[in-house]
1. When you look at Arg104, is it among the basic types (Lys, Arg) and outside any helix (DSSP H, G or I), yes or no?
2. Report the residue count in the range 291-346 for those that are in a loop (DSSP other than H, G, I, E, B) and acidic (Asp, Glu).
3. Which of the residues that make up the range 579-632 are of a type in the set (Ser, Thr, Tyr) and either surrounded by 19 or more Cβ atoms within 10 Å (Cβ to Cβ) or more than 24 Å from the chain's Cα centre (by Cα) (or both)?
4. Could you say whether any residue in the range 403-413 is more than 27 Å from Val301 (Cα to Cα), over 28 Å from the mean Cα position of the chain (by Cα) and outside any loop (DSSP other than H, G, I, E, B)?
5. Would you list the strands (runs of 3 or more DSSP E) that sit entirely within the range 602-669 and hold 1 or more residues that are without any contact (Cβ under 8 Å) to a residue 12 or more places away in the chain and not hydrophobic (A, V, I, L, M, F, W, C)?
6. Would you check if Ala203 is over 18 Å from Pro295 (Cβ atoms), out of contact with any helix residue (DSSP H, G or I) (no Cβ under 6 Å at 6 or more places or on another chain) and among the aliphatic types (A, V, I, L, M)?
7. Considering only the range 92-112, I want to know if a residue exists there that is under 19 Å from Thr305 (Cα atoms), among the β-branched types (Val, Ile, Thr) and in contact (Cβ under 8 Å) with a residue 24 or more places away in the chain.
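The values are calculated or read from the model by the stated rules, or taken from the named source; none is laboratory data. Because the structure is predicted, anything quoted here is derived from the model rather than measured. Cβ: placed from backbone, ideal geometry, glycine included. Neighbour counts: every protein chain shown.
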Amino acid sequence: MRHTPRQFGVRANAARLLAALALLLPLLAVGCVELNLPTPSDTPLEAAREQSTDDLAKDAEAFWSAGNYPQSELLYTRLLERELTSEIRLHALNRLAVSAFNSRHYYQAKSALDRQVVANGTVLASWPWHEQYIRTLGVLNRPDLLENHRVWLAAHTELPFDVRSRAAMAFAEIHAKNGDMARAIEILASTHSHAPDRKAKAAMEAEYSAQLRDLPGEQLQGLTRLVGTSGSGTFPHALIQREARRRALSPRADFTPPAPVHSELASAPILLAQAKGRTLSDQPAALIPAAGNGPVRVALVLPLTGRYAPTAAKVLRGAELAQARLAAQGRSVEIRAINAEAADWREQLAALPPSFSVVGGPMLVEGFRDMLKGGVLASRAVFAFLPDLGEVQEGSQAWRFFTSPKDQMRALVDLTADQLGIRSVAVLAPKSRYGQRMAEVFQAEAKAKGLRLASSEFYPPTDHPRWLHSVERLLKIPDAFRHNKNMPLPMPDFGAVFVPEDWAQSELLVSNFHFFEGQHLVFLGTELWSVALDNAKDIDDTYFQLAACPGAWWPEAPAAKALQAALSGKSQDAADFWVALGHDFIDFAAKLNLPADWTPAQVNQRLQAVRGMEFSMAPITWDAEGRARQNLYLFSPRKDGKILVDPLELRAATEKAKSRREKRLAYSRQLQKDKKLSGPSGSLTKEPKD
């Protein structure tokens, strides 16, 4: 996304634009609805169907030139139904987009813009297309589509910087109009910091300075209050302050200079090069020399388009928040995000200067394998956002910045053995790659902890009727029980059952245990439960009163609350694990501060120095060999989602349930014994009370 840009030439780079188009098409398709075509208002317009193509084109252009947009919209719609040359089709689509926009048929306008890209991908290199597209998304009130387009533009640094900088100013204008001044400043500063050279920065500064002159007074006041007197050597702070001073000297009717405010601008995304020891200046940032040691440089390899783009956008959002917070503290971090879905992402990564020594990502196994084959692991310190590194040796070839299966199993086994006092466990897993893998890791961790594996069973994941029989075999139910349902069932020789299954399946699966009086057993799930429970409501937790599952995200943790507060200040969505991942990684990379000539031994040494870092997700530590360990939270399912496990309460509830089960078993045995002694008259034995 933010690698060193190459100057873009439309003709020379048509192939790159077509590749970019292939990545953009899924985003353009989002939110499409049935077109809102205008209805002809009189009979003469119906004659459009009978006109020649040339005459129809002339009439459409005439209505356009006269500003009669409803009529030109209709005629260009009719014209586009004809066989046209590519040049005329592109012109007609452009006219249709603007006509529909001015006629307030915004979905029609968006569709025409989308069709322009399909007709000729080189329009992506032109600012007018993006200007109209951003305006259209803005009036459609689709912040999700606007954000998708912003991320896409930022990812494609082969586009002219003039296009990307103008787009940033358009996005900022929309956010400012909506009252989100901090987000507006964040977008402007981030784009400016990734300009290819001083000339490009100066051009962006000149353009924004001109825009500020026409900015409504209320919006300028909001921006001025936010930046206060800080960052007078940065963009856009210096220009905002200068415009405020200009208007204060020559007041406009709609502008009242705000009272002085001391602001650290905690939400600013980047503290650009500051001139230490200089007097404060309102010079544009491009004219101020860089700080002595320069910024920490970090690369992120993320799938910014395609199926996983929404998740990657969250990671990037968190990264930008960390960048802003560090900037406010005087710590400059430069982030280059590379789209892992782009055909040339490996070349983009290889082209980065050696100072981009730390790489976060990728998120997909295929990308990590490509890194290994391409020799990336030898030149960059890669911290993969993956649960394991496969054949790669962790701590010498690459590192991990993500939850592993071993982290999950370690948390469950430690709870079971150390805090619940359970020494014998069982495994009930689906016959799937995931189920078998997780079962293997659980068994290995249980064995290392000295636990006994009393029973294990694998069931067909899609054959629900057979699940009851799998549970029956796991519990070792006697064959005689099938013929006599009143016979007492033996106590299982284990106290906890590991169930590596998703939440929806687990709800059905665990209910089978209660048919065999398994209410005293502790059920152990994976992080799949935790993720599902984050958004679950009205859960039937009857069968999960004694249950636990690991997770890396707990919104009530102090650092997680601080992250949410930062997001809330920007009127953005709720924080989650992926936002926390991006935020924590940038914070971590800044503390690691790895030089360009790093060695694996040096990385592992510095990993020890970052101990005690405050994470917004579950904290990660690394041993002396560079192997990561994430200390996960443990949750219990509840009606409205999940709660943190209280080990003491869970142990007490488990022992109480086991005691009830033992009393029922003793009662059943005594009842059977009394029946044999008393004959048909039955027994007077009383059922035990809890």
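1. Values: among the basic types (Lys, Arg): yes; outside any helix (DSSP H, G or I): yes.
The answer is yes for Arg104.
2. Start the filter on the range 291-346 by keeping residues that are in a loop (DSSP other than H, G, I, E, B), which leaves 291-295, 303-308, 329-332, 340-344.
Applying the additional criterion that residues be acidic (Asp, Glu) yields 341, 344.
Summing the residues that are in a loop (DSSP other than H, G, I, E, B) and acidic (Asp, Glu) in the range 291-346 gives 2.
3. Residues of the range 579-632 of a type in the set (Ser, Thr, Tyr): 599, 616, 621.
Of everything in the range 579-632, those that are of a type in the set (Ser, Thr, Tyr) and either surrounded by 19 or more Cβ atoms within 10 Å (Cβ to Cβ) or more than 24 Å from the chain's Cα centre (by Cα) (or both) turn out to be Thr599, Ser616.
4. The initial filter retains those residues of the range 403-413 that are more than 27 Å from Val301 (Cα to Cα), namely 409-413.
The next check asks that each one be over 28 Å from the mean Cα position of the chain (by Cα); those that pass are 413.
Filter once more, keeping what is outside any loop (DSSP other than H, G, I, E, B): 413.
Yes: one or more hits.
5. Working: elements: 620-622, 628-630, 633-638, 641-644.
Output list reads 620-622.
6. Working: over 18 Å from Pro295 (Cβ atoms): yes; out of contact with any helix residue (DSSP H, G or I) (no Cβ under 6 Å at 6 or more places or on another chain): yes; among the aliphatic types (A, V, I, L, M): yes.
It is true that Ala203 is over 18 Å from Pro295 (Cβ atoms), out of contact with any helix residue (DSSP H, G or I) (no Cβ under 6 Å at 6 or more places or on another chain) and among the aliphatic types (A, V, I, L, M).
7. Pass one, the range 92-112, residues under 19 Å from Thr305 (Cα atoms): none.
Taking every residue of the range 92-112 in turn, none turns out to be under 19 Å from Thr305 (Cα atoms), among the β-branched types (Val, Ile, Thr) and in contact (Cβ under 8 Å) with a residue 24 or more places away in the chain.
Residue-wise test of (1) farther than 18 Å from Asp180 by Cα; (2) of a type in the set (A, V, I, L, M); (3) in contact with a His (Cβ under 8 Å, 6 or more places away or on another chain).
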{"residue": "Val123", "(1), (2), (3)": "yes, yes, no"}
{"residue": "Arg142", "(1), (2), (3)": "no, no, no"}
{"residue": "Leu146", "(1), (2), (3)": "no, yes, no"}
{"residue": "Arg150", "(1), (2), (3)": "no, no, no"}
{"residue": "Leu153", "(1), (2), (3)": "yes, yes, yes"}
